[in-house]
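Below is one structure, written out as structure tokens, with a few remarks after it.
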Amino acid sequence: MGARPSRRDLLRGVASSAAIVGAAALVEGGGCGSTPQRPKKSLLNVGIVGVGNRGSFNILEMGKENCPANIVALCDVDDQFLADAAQFFPQAGRYNDYHELIARPDIDAVLVATPDHTHAWATLAALRAGKHVYCEKPLAHSLEEIRLVTQTARQLNRVTQLGTQSHDSANYRKVVDWIRSGAIGTVSDVHVFVDKAWFADGPPKHADRPPPLLHYDLWLGPTPPRPYSPDYLPASWRRWWAFGEGTLGDMGCHFMDIPFGALELGSPAAVRAEGPPADPERCPRWLIVHYEFPARGSRPPVTLHWYDSGKRPDKLIQDLKLKHWHSGILFVGSEGWLVCDLERHVLLPEEKFKNHPPPPAATTAPASPGHHHQWVQACLDENPGGASANFDYGGPLSEIVLLGCLAHRLGKPIEWDAAKLAAANTPEAEPLIHLTYRSGVHL
């Protein structure tokens with residue numbers, strides 16, 4: 001792979017894509033994807049909360065040709081990120097506080113690309129203001145937050161989408177078709193392995209004061225005040241429990257999305273974790289998590305195994321000659337195996353499946369115009385069911401991710417009662433399920 005593009009490169013891509021469709025003709029508030037010929041009502045006015053790093057990618061996706069998104073407002077706690085984005089959206093409103101952006105009556109929808117610890121707060125504010133919402137994964141920073149966001153979106157009938165863009169890929173649909181058609185028989189185990197690591201080796205280094213262009217207190221949001229550290233941001237917050245959930249929080253929704261959808265897993269009944277001793281502040285160097293999912297209707301129980309930071313199911317990897325798969329998902333079936341990642345898939349043994357007929361379409365999702373485009377169009381259509389990874393799907397998926405973190409931090413297996421949002425006979429889990437925020441701040 002080549003070098004990762006900078007946020008400036010991504011935003012230049014937005015400008016280039018927008019130029020193709022004549023976006024120089026801006027409607028009120030400025031925007032991307034608008035043309036003189038397109039009626040204003042066919043464009044979705046979108047506010048972006050978090051325009052650096054991941055936010056840049058999201059802006060680029062909505063700037064693609066034919067995507068009917070009109071970016072009218074930008075928000076970031078870093079004035080440099082905000083200035084970079086504003087170069088390409090000079091007529092868009094600029095804000096440091098997302099509450100001010102959400103208060104604008106001309107904004108139809110909000111895209112949230114902040115660090116995890118503020119996902120729920122920006123998302124809930126937008127939902128309660130009547131906006132549609134796209135939120136990066138995982139949906140929130142605690143199990144309580146995820147459940148509240150999911151329920152609020154459903155109650156208010158808003159169009160939502162979790163940022164798991166591979167969910168709308170042809171590869172995702174094909175793997176789901178193979179699994180649901182029974183090509184590899186009954187699936188008993190799934191091994192998900194990711195060659196990536198987010199961890200902190202030592203305590204954070206502290207500085208006398210934040211950089212002059214950073215509104216650090218706004219960045220902390222609901223988190224109790226703590227001294228500024230350059231180890232927290234802009235890109236390393238995932239290493240710390242106060243702001244993220246380590247490698248599992250970063251990659252879990254992406255890689256567990258396929259088995260979650262293909263096997264309709266729902267909530268696990270039990271979770272146990274292996275890893276280094278838990279640290280109250282720092283995310284672990286590596287993690288292995290075992291999730292036990294009960295039978296679902298006619299579907300038998302399934303055990304899902306998560307491995308990160310280069311850990312893998314070594315014997316299966318060796319036996320199936322999968323050493324060249326650095327990250328992937330391995331379905332273990334009674335009649336064979338299926339290994340995939342977010343872009344490709346193979347049925348094993350290859351000799352057995354070489355002439356196997358393709359599966360009938362088992363999914364109901366048609367080919368997607370793209371994860372972001374799909375959400376934008378569903379918003380314009382006021383169709384909450386039009387987004388494939390809406391919060392009714394993305395919320396339970398995100399809960400699985402945080403349950404793995406919970407089992408590790410507790411240092412013991414947990415029995416999970418999804419209906420009660422509680423770990424049975426584990427009262428010490430409560431402070432991690434229901435977080436404590438800074439004084440005077442409530443969900």
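The values are calculated or read from the model by the stated rules, or taken from the named source; none is laboratory data. Every value quoted in this text rests on a predicted model; they were computed, and no experiment measured them. Quick reminder, even Gly has a Cβ in these numbers, built from the backbone with ideal geometry, and neighbours come from all protein chains shown. For the accessible areas, the whole protein counts, side chains as well, though only heavy atoms, and no ligand, DNA or RNA atoms are used. Shrake-Rupley method; radii C 1.70, N 1.55, O 1.52, S 1.80 Å.
Which pairs break 19 Å Cα to Cα here: LYS64/LYS196; LYS196/LYS311; LYS137/LYS196? Numbers along the way, then the final one.
Working: LYS64/LYS196 29 Å; LYS196/LYS311 10 Å; LYS137/LYS196 16 Å.
Result: LYS64/LYS196 exceed 19 Å.
Relative contact order, percent, of the stretch 104-152 when contacts are C-alpha pairs under 8 Å separated by at least 6 residues? Intermediate results must be reported in sequence, preceding the final value.
Values: 59 pairs, mean separation 19.9, N = 49.
Relative contact order of the stretch 104-152: 41 percent.
List, in order, the whole-Hz ³J(HN,Hα) value for each residue of the stretch 335-349 obtained from phi through the Karplus relation with A = 6.51, B = -1.76, C = 1.60 and θ = phi - 60°; use x for Gly and Pro.
So the Karplus estimates, Gly and Pro as x, are 10, x, 10, 10, 10, 8, 10, 7, 10, 8, 7, 9, 9, 10, x Hz.
Would you mind pulling out the separation of the Cα centroids of the stretch 186-255 and the stretch 367-443, in Å?
When both Cα centres are located, 17 Å separates them.
So which DSSP H runs in the chain come out at 18 Å plus along the axis (Cα) with average Kyte-Doolittle of at least 0.0? Display every interim value, and only then the final one.
Values: long enough: 7-20 (20 Å, 0.19); 143-156 (20 Å, -0.18); 246-262 (25 Å, 0.46); 391-410 (27 Å, 0.76).
Going by DSSP H runs, the hits are 7-20, 246-262, 391-410.
Using protein chains only and a probe of 1.4 angstrom, how many square angstrom of ARG285 are accessible, to the nearest 10?
110 Å²
How many nm is it between the label spots at SER334 and HIS442, if each spot is 7 Å from the Cα in line with the beta carbon?
Once both label points are built, they end up 5.3 nm from each other.
For the charge dipole of the chain, defined by +1 on Lys and Arg C-beta atoms and -1 on Asp and Glu C-beta atoms about the Cα centroid, which residue among GLY244, PRO211, TYR307 has the Cα displaced farthest towards the positive pole?
Comparing the listed Cα positions along the dipole, TYR307 ranks first.
Would you please give the FRET efficiency between ALA83 and ARG209, computed as 1/(1 + (r/R0)^6) with r the Cβ-Cβ distance and R0 = 22 Å, to the nearest 0.05? Mind showing how you got there, number by number?
Values: r = 20 Å, r/R0 = 0.93.
Rounded to the nearest 0.05, the efficiency is 0.60.
Per the Kirkwood treatment, what hydrodynamic radius in Å, one decimal, follows for the stretch 274-331 from the mean inverse distance over all distinct Cα pairs? It would help to have the intermediate numbers written out before the result.
Working: mean 1/r = 0.0736 Å⁻¹.
Roughly 13.6 Å, rounded to one decimal.
Based on a Kirkwood Rh over C-alpha pairs, give the Stokes-Einstein translational diffusion coefficient of the stretch 311-360 at 37 °C and viscosity 0.692 mPa s in µm²/s.
Value of D from the Cα-based Kirkwood radius: 281 µm²/s.
Quick check on packing: order 328-339, 207-218 by the mean number of other C-beta atoms within 10 Å, highest mean leading.
328-339, 207-218
How much of the DSSP bridge set in the chain is antiparallel, in percent, rounded to the nearest 5?
Details: 33 of 59 bridges.
Percent antiparallel among DSSP bridges in the chain is about 55.
Candidates [x] 38, 30, 20; [y] 35, 28, 20; [z] 41, 31, 20; which is the computed semi-axes √(5λ) of the Cα gyration tensor in Å?
[y]
Relative contact order, percent, of the stretch 92-233 when contacts are C-alpha pairs under 8 Å separated by at least 6 residues?
Values: 134 pairs, mean separation 26.5, N = 142.
Rounded, it is 19 percent for the stretch 92-233.
Can you figure out the FRET efficiency of ALA103 with ARG299, using R₀ = 51 Å and their beta-carbon distance, to the nearest 0.05?
Values: r = 46 Å, r/R0 = 0.89.
Between ALA103 and ARG299 the formula returns 0.65.
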